[in-house]
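Report on the following structure.
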Amino acid sequence: MTASDPFDPDAHLEKVADGFTWTEGPAWIAVRGVLRFSDIPGNQVLEFCEADGVTRQVTGAAEFTNGRTVGPDGAIVECSHGRRAVQIDRTGATENPDTAPYAPEVLVDRFGRARLNSPNDVVVKSDGTIWFTDPSYGIKRPIEGHAGEEEYGDRYVFHFDPADGSLTPVVIDVEAPNGIAFSPDESVLYVSDSSIDPPDRDHPDPERPGGHAIHAYDVLGGRHAKNGRTFVEVSPGLPDGFRVDEDGNVWSSSATGIQVFSPDGARLGEIPVPEKVANCCFGGADGHTLYICGSTSLYRIRTRARDAHARTHG
């Protein structure tokens, strides 16, 4: 062990909730000490309370929400397959969420006149802009949303500026952009490609590639993604959701657990999980607990790492 080792040698993986179909979209809400996550096929949003170990349903009519994050102001920004939108829940991160029902507002759902596909994962930059991936899993798979067409004809990563309402494609060369995160200083944008598992499994397009890598882009001028390259290829399985810690290490989902890579792409190790992993996030009272969304269950394990952009207020 070294001081820079992100793993806790005494930690053990713990299952804290189960009985779901496909868990996704974990986000730690620090002010309330809860982890919010989704069961996409179950059309549920749920919360696990760290203090009492109880999981409660926030809504059973979630419109197939997927990835989410907590913004600088404490509001929860979510991706909705069903609404084909990025939305915001301004009450979920308050200390008394029961004072208002779960009623997120749509922030953006169109690129020009075309509807978005099915926003999948999202991150809020320190300047308040919202960056999100838009593959087509929610319109190509009945259990993940509603049937529909790719109205703008592709699958992009977008930059949305709430200040002026502008929506701009920033990454167009990833076949099925899925997870998304920034490096600690926000100079690098990471995007995972899950196209080895194509959105339309029944009618895959042989002309389109199938990848399972995390890609890296230099962020120039605070809003342009340039110099795209392969950061790491994740195997077995594929990289879905992932997180970046304070040291710039990338914690990625895979078929067998959480794989961890250094900023230069060296594999540091793996946390084995008994189910295929969809996503993860850091949380807990001190930020060192990694919560893991397995297929049917929610797990947690202690680490020496913390999220690169931990927000203590929400």
(message) How large is the Rg to Rh ratio of the chain when both quantities use alpha carbon positions and Rh follows Kirkwood?
(response) 0.93
(message) Loop only by DSSP, 10 or fewer other Cβ within 10 Å of the Cβ. Give me the trypsin sites (Lys or Arg not before Pro) in the stretch 89-129 that pass, ordered by residue number.
(response) Arg113
(request) Report, largest value first, the span of the C-alpha coordinates of the stretch 110-155 along each principal axis, in whole Å. (result) 35, 24, 13
(message) Explain nothing, just compute: Karplus ³J(HN,Hα) = 6.51 cos²θ - 1.76 cosθ + 1.60, θ = phi - 60°, for every residue of the stretch 237-251 in order, whole Hz, x for Gly and Pro.
(response) x, 8, x, 9, x, 7, 9, 10, 9, 4, 8, x, 6, 9, 9
(message) About the Cα centre, and with charges only on the beta carbon of Lys, Arg (+1) and Asp, Glu (-1), how big is the dipole of the chain? Nearest 20 debye, please.
(response) 240
(request) List the residues whose amide H sits under 5 Å from the amide H of Glu186, counting only those 5 or more places along or on another chain, with H placed 1.01 Å from N in the peptide plane. (result) none
(message) Within a 10 angstrom radius of the beta carbon, how do Glu233, Glu175 rank from fewest other beta carbons to most?
(response) Glu233, Glu175
(message) What is the sum of charges, Lys and Arg at +1 and Asp and Glu at -1, for the other residues whose Cβ falls under 9 Å from the Cβ of Gly222?
(response) 0
(request) Starting with the fewest neighbours, write out Leu189, Leu290 ranked by other beta-carbon atoms found within 10 Å of each beta-carbon. (result) Leu189, Leu290
(message) Between Pro169, Pro41, Pro274, where does the largest GNM mean-square fluctuation fall for the chain, given springs only between Cα atoms within less than 10 Å?
(response) Pro274
(message) Could you list Glu50, Glu105 so that the one with the fewest beta carbons within 10 Å of its beta carbon is first and the one with the most is last?
(response) Glu105, Glu50
(message) What does the net charge come to around Asn43 if you take all other residues with beta carbon closer than 14 Å to its beta carbon, with K and R at +1 and D and E at -1?
(response) -3
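We did not get these values from a lab; they are worked out from the coordinates using the rules stated. All values derive from a computational prediction rather than experimental measurement. Here Cβ is always computed from backbone atoms with ideal geometry, including for glycine, and neighbour counts include all displayed protein chains.
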